[in-house]
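No value in this document is a laboratory result; all are computed from the given coordinates. Keep in mind that this is a model prediction, so the values were computed, not measured. Because the Cβ atoms are built from the backbone with ideal geometry, glycine has one as well, and the counts that use them run over all protein chains shown.
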Amino acid sequence: MEGVDIFTGDQAIIDECYRSGIYQEYVVGTEDGREILEKAGLVNDPFSIVSKSVMDLCRKAAGEGKDGENSPVQHHELSVTAEISSTNAVLVTMSMEAIEKLLDLQETIDARQIKAKTDVAENTGDVVFGYQAEYYDALDSLTVTSLMALSGGTCGPPAIESAVIQKSMGMMDRVVAQYRKSGMGPSKKSFYGSICEQLVAKIKAMAN
């Protein structure tokens, strides 16, 4: 039928969804979509199922719409540059939903990082509060590099879900709160300090 595209096979449908931006916005860019990708073993490389020729054509067409209009891919994606190392910058794409979640997460981390530094100043030499500050410093670095670079990107370490980080922060808050209630004695310092050390190690491991 004239004016109607007819797709034959799953690959043609996937390629068209990518070309139109549907795949980026409603699959890669949503929690439900990423759950599907995870079950399919594609969450770390969601664009591997798109034909290379189609991706190359879309990238080539980006920014070349008539009268400055965006291409379909540009309309559904927002390109950002994330510095993964001091020498290598990688162009990646993030959906608007992913950017909003990242900003909310970073806002929470910033506030807790400031509080952690205050706790260190008020409890000089306390290993628990020292680990708490180290934890949020590591988390801050993680969110502005690994998480940002990998939300919809195609290289670097695995993308990190904000829900995982939120759960980890909740655990750290609980440890510190229980430590305060315990009286912060030597034995408690050793016990809670060892747990904090484990949480710090897990966050640092996420970037590897």
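Structure values in brief
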| quantity | calculated |
| --- | --- |
| Cross-link reach list, lysines versus residue 101, counting only Cα pairs under 24 Å and skipping chain neighbours closer than eight places | 39, 115, 167, 202, 204 |
| Estimated vicinal HN-Hα couplings, Hz - the stretch 115-132 in sequence order (Karplus 6.51, -1.76, 1.60; Gly, Pro = x) | 4, 5, 5, 5, 4, 5, 5, 8, 9, 3, x, 6, 5, 5, 5, x, 5, 4 |
| Residue-count net charge about residue 182 - beta-carbon cut-off 14 Å; Lys, Arg +1, Asp, Glu -1 | +4 |
